[in-house]
Amino acid sequence: MRDFDCADFDVEEVVAELLDGGGCVRFPHAFQAATIREARDVIMARTEREPPKVTHFQATGDDEDLLSRQRRVWNLLAKGAVFSTMAQHPAAMAVLRRFLGESFIMGSICASRLLPGSPGQEPHIDYPYWDFHKPATFPVRTNASFPLNAQVTIMLDPFTDASGATAYLPGSQKAIRYPTKDDPFFDRCARMLGEPGDMVLFFGAAWHCAMPNRSTCDRTGILIEYLPKFVKPVEDMLSGLDEDFLQTADPMIRQLLGLDYPYPQVFDKSEAVNAEGIGY
């Protein structure tokens, strides 16, 4: 995993690494300690008082207590202003404008807390590719010629081998294929290691998974998915946001929520217009 300086990096070099290199980059020290502490306090409080929420690619088994050691907090935009700020990190925005197009949106923003003893996940690829084990449900010749996804992980705790730092297979994003049990993922995988405040950006078509937390500490991170403007978000964030939030949202948040994207429209109405204000 290559490191890039948040204040001085070549966007084209990062994009090339995501598409044609290992598929994953890290921006060390992207967030200040106070921001990380504020975000972590919110997430810890919510995961302590709320019941476990659904997670994707959760390990399976009969031990319900074991499964409860993977905690999620969904729709973080509704949980505090700090998360709107984190979702707009300038380095990430610069890369994503090039990687996904200037009008990219956000597909999801949640927190993942792996408690000690968490069993981790199966290797997978992320939405909209995540059910590519059913290839007949996708268009013919679906490939990685252009990306339909980018993932950002913001570390709130140390991501170490022991605490279950995300594993990924470098280069696996180059061909859109779902990993199988016969693929040597765990023999060849690398790890997304880092410290609180580090930000990892990767192409979600790369095979990856949370690993078991064998430490005595939590491993908590913020997971943000970004998509091209035309891909339907996986998380319905709008339903959880009040009218005041939507009315006062800054332009970047409006873009990330797809509020300024004009489709779908009811073209049966005479006032239907396209993005340039031209009626059909």
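The values are calculated or read from the model by the stated rules, or taken from the named source; none is laboratory data. Bear in mind that the values here come from a model prediction, so they are computed numbers and not experimental data. Here the Cβ positions follow ideal geometry from the backbone for every residue, glycine too, while neighbour counts run over all protein chains shown.
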Subset of region 154-184, residues β-branched (Val, Ile, Thr) and closer than 18 Å to Pro228 by Cα, comes to Ile176
The listed residue being within 14 Å of the chain's Cα centre (by Cα), within 27 Å of Met93 (Cβ to Cβ) and at pLDDT 95 or above, out of Gly204, Gly171: Gly204
How many residues does region 98-118 hold that are surrounded by fewer than 20 Cβ atoms within 10 Å (Cβ to Cβ) and in contact (Cβ under 8 Å) with a residue 12 or more places away in the chain? 6
Return yes when Ser112 is under 23 Å from Cys217 (Cα atoms) and not in a loop (DSSP other than H, G, I, E, B) and no when it is not. yes
Which numbered condition Asp63 fails, given (1) surrounded by fewer than 18 Cβ atoms within 10 Å (Cβ to Cβ); (2) at pLDDT 95 or above: (2)
Matching residues, region 189-208, being out of contact with any helix residue (DSSP H, G or I) (no Cβ under 6 Å at 6 or more places or on another chain) and farther than 19 Å from Leu19 by Cα: Leu193, Gly194, Glu195, Asp198
Return the pairs, sorted by first residue and then second, in which the second residue is surrounded by fewer than 16 Cβ atoms within 10 Å (Cβ to Cβ) and not in a helix (DSSP H, G or I), the first residue lies in region 170-190 and is β-branched (Val, Ile, Thr), the beta carbons are less than 7 Å apart, and the residues are 6+ apart or on different chains. Ile176/Thr142; Ile176/Asn143
I'm told Asp5 meets every condition in (1) in contact with a helix residue (DSSP H, G or I) (Cβ under 7 Å, 6 or more places away or on another chain); (2) charged (D, E, K, R); (3) modelled with pLDDT of 95 or more except one. Can you identify the failing condition by its number? (1)
Does Glu48 count as modelled with pLDDT under 95, of a type in the set (D, E, K, R) and in a helix (DSSP H, G or I)? yes
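For every residue, the table says whether it meets (1) in contact with a Leu (Cβ under 7 Å, 6 or more places away or on another chain); (2) among the basic types (Lys, Arg); (3) in a loop (DSSP other than H, G, I, E, B); (4) in contact (Cβ under 8 Å) with a residue 60 or more places away in the chain.
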{"residue": "Asp126", "(1), (2), (3), (4)": "no, no, yes, yes"}
{"residue": "Phe132", "(1), (2), (3), (4)": "no, no, yes, no"}
{"residue": "Ala136", "(1), (2), (3), (4)": "no, no, no, no"}
{"residue": "Ala162", "(1), (2), (3), (4)": "no, no, yes, no"}
